[in-house]
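Here's a structure for you.
The values are calculated or read from the model by the stated rules, or taken from the named source; none is laboratory data. Bear in mind the structure is a predicted one, so any value in this text is a computation, not a measurement. When we count neighbours, we look across all protein chains shown, and the Cβ atoms used for this are built from the backbone with ideal geometry, even at glycine.
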Amino acid sequence: MITIVVCSVNLFQFEQFEESVRNSIGTPYELIRIDNSHNDYGICEAYNKGAARAAYPYLCFAHEDILFGAMNWGPPLIAAFNSRHAGIIGIAGSKYKSLAPGVWSNNNAALDCYAIVQHYPLAQRRELQVNNPGADQDYAEVKTLDGVFLFTSGEIWRKNQFDAATFKGFHSYDLDFCLQVGRSYPLYVAYHLMIEHLSPGKLDSSWVEQSILLSEKWKASLPLGNLSFTESRKMEWSKKRHFFLSMLIYNSSLAAALKVFFDFGYFRFFSLKNNLSFAAEICSSFCRKLTRRLRAQPTATKNS
């Protein structure tokens, strides 16, 4: 009853994933592999191509670098999806989506919801990561979901296809899909799947670019979440600060970073205290960089 669509770049990982699905899903399924080993597609285009071929009424968009910890996870997921009239169910998400660009996570225990076994190959370790603000809830309602695992229906996908025109790469497609679907349906994090994610995510200059596109597209609708203005302002400044520094790390110009800083909610969430604090932090950072450069320069000597 479930069609699983994978944008695949690594055949070995896909075969591991396929075996894990076969041994755990507990319901009829088909697995559609969109071979992207030559980088022919962005992930939106790949997912739309795969979903258009689906034979079953339920769709799962998944990364190939995951394994399933739960057994017979398919039937209860379908039942929860229908009983809750859900739009999408995932394994990690947040109850707040900022206007400021950034990742789905807000680094806030009251807002972020997830249950995942995260692998760190370079450190040769794995870590169970669970945060459930609702204590014993099996499902938590959220505003965003991470794209590592997205469960929905063919009907919902047909009304809210992935935006391949705007998001041509591999970032922000998941948040955009959530914001589209979330206009009409609730989104949930499931706590019982216990998916193992075999590699950590990677941010880069493409992530910066597509995060800005996302905030620009949904500027009139964001932020989303049940926070007071004071709480929302605090969150927006936190996200704004982090994204500004990320832009500089991933080689954006200072002018470009400042433009984004002012474009998304600067006046709406204006705070003199945060302005002064952030300006002091930036000045201190640049002074440290300048000092390191000066110290690194060779000392001039005079010939006798």
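Pull up the stretch 263-275, narrow it to residues that are under 22 Å from A220 (Cβ atoms) and either assigned to a helix (DSSP H, G or I) or charged (D, E, K, R) (or both), then point me to the one that is nearest to the chain's Cα centre (by Cα).
Among them, the one singled out is D263.
What residue, of W218, W207, W237, is surrounded by 17 or more Cβ atoms within 10 Å (Cβ to Cβ), at pLDDT below 95 and not aliphatic (A, V, I, L, M)? Let's see the steps before the verdict.
Working: W218 fails: at pLDDT below 95; W207 fails: at pLDDT below 95.
Every option except W237 fails the conditions.
Go over the candidates N72, N108 one by one and state the one that is under 23 Å from R33 (Cα atoms) and polar (S, T, N, Q).
Working: N108 fails: under 23 Å from R33 (Cα atoms).
N72 is the lone residue from the list that is under 23 Å from R33 (Cα atoms) and polar (S, T, N, Q).
Okay, next question. Report, by residue number, each residue of the stretch 94-128 that is of a type in the set (K, R), within 25 Å of P76 (Cβ to Cβ) and buried (at least 17 other Cβ atoms within 10 Å of the Cβ).
K95
Still on this structure, I have one more. From the set of residues in the stretch 246-262 that are in contact (Cβ under 8 Å) with a residue 24 or more places away in the chain and part of a helix (DSSP H, G or I), which is farthest from S105 (Cα to Cα)?
V260
Also: Name the residues in the stretch 99-137 that are aliphatic (A, V, I, L, M), closer than 22 Å to R233 by Cβ and over 15 Å from the mean Cα position of the chain (by Cα), would you?
A109, A110
Count, please, the residues in the stretch 1-13 that happen to be exposed (fewer than 15 other Cβ atoms within 10 Å of the Cβ), over 19 Å from I88 (Cα atoms) and either of a type outside the set (S, T, N, Q) or in contact with a strand residue (DSSP E or B) (Cβ under 8 Å, 6 or more places away or on another chain) (or both).
So the first thing to find is which residues in the stretch 1-13 are exposed (fewer than 15 other Cβ atoms within 10 Å of the Cβ), and the list is 1, 10-12.
This time we only want the ones that are over 19 Å from I88 (Cα atoms), so: 10-12.
This time we only want the ones that are either of a type outside the set (S, T, N, Q) or in contact with a strand residue (DSSP E or B) (Cβ under 8 Å, 6 or more places away or on another chain) (or both), so: 11-12.
Of the residues in the stretch 1-13, 2 are exposed (fewer than 15 other Cβ atoms within 10 Å of the Cβ), over 19 Å from I88 (Cα atoms) and either of a type outside the set (S, T, N, Q) or in contact with a strand residue (DSSP E or B) (Cβ under 8 Å, 6 or more places away or on another chain) (or both).
Name the residues in the stretch 14-56 that are surrounded by fewer than 16 Cβ atoms within 10 Å (Cβ to Cβ), of a type in the set (S, T, Y) and under 30 Å from T166 (Cα atoms), would you?
Hit for the stretch 14-56 is S37, nothing else.
Can you tell me which of A86, A79 is touching a Pro at 6+ places or on another chain (Cβ under 8 Å) and small (G, A, S)?
Exactly one of A86, A79 is touching a Pro at 6+ places or on another chain (Cβ under 8 Å) and small (G, A, S), namely A86.
Also, quick follow-up: Pick out the one residue from Y139, Y41, Y120 that is under 20 Å from A190 (Cβ atoms) and among the aromatic types (F, W, Y).
On the way: Y41 fails: under 20 Å from A190 (Cβ atoms); Y120 fails: under 20 Å from A190 (Cβ atoms).
It is Y139.
Another one. If you take just the strands (runs of 3 or more DSSP E) that sit entirely in the stretch 137-229, which of them hold at least 1 residues that are farther than 24 Å from L99 by Cβ and of a type in the set (G, A, S)?
Because the criterion is at least 1 residues that are farther than 24 Å from L99 by Cβ and of a type in the set (G, A, S), the strands (runs of 3 or more DSSP E) in the stretch 137-229 that meet it are 149-153, 187-190.
Conditions (1) at pLDDT 95 or above; (2) in contact with an Asp or Glu (Cβ under 8 Å, 6 or more places away or on another chain); (3) surrounded by fewer than 22 Cβ atoms within 10 Å (Cβ to Cβ), marked per residue:
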{"site": "V130", "(1), (2), (3)": "no, no, yes"}
{"site": "Q137", "(1), (2), (3)": "no, no, yes"}
{"site": "V142", "(1), (2), (3)": "yes, no, no"}
{"site": "D146", "(1), (2), (3)": "yes, yes, no"}
{"site": "F151", "(1), (2), (3)": "yes, no, no"}
{"site": "R158", "(1), (2), (3)": "yes, no, yes"}
{"site": "F162", "(1), (2), (3)": "yes, yes, no"}
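Also: Test each condition in (1) over 15 Å from the mean Cα position of the chain (by Cα); (2) crowded, with 17+ Cβ neighbours inside 10 Å; (3) not assigned by TED's automatic domain parsing to the domain that holds L77 for L198 and report the one that comes out false.
The number of the failed condition is (3).
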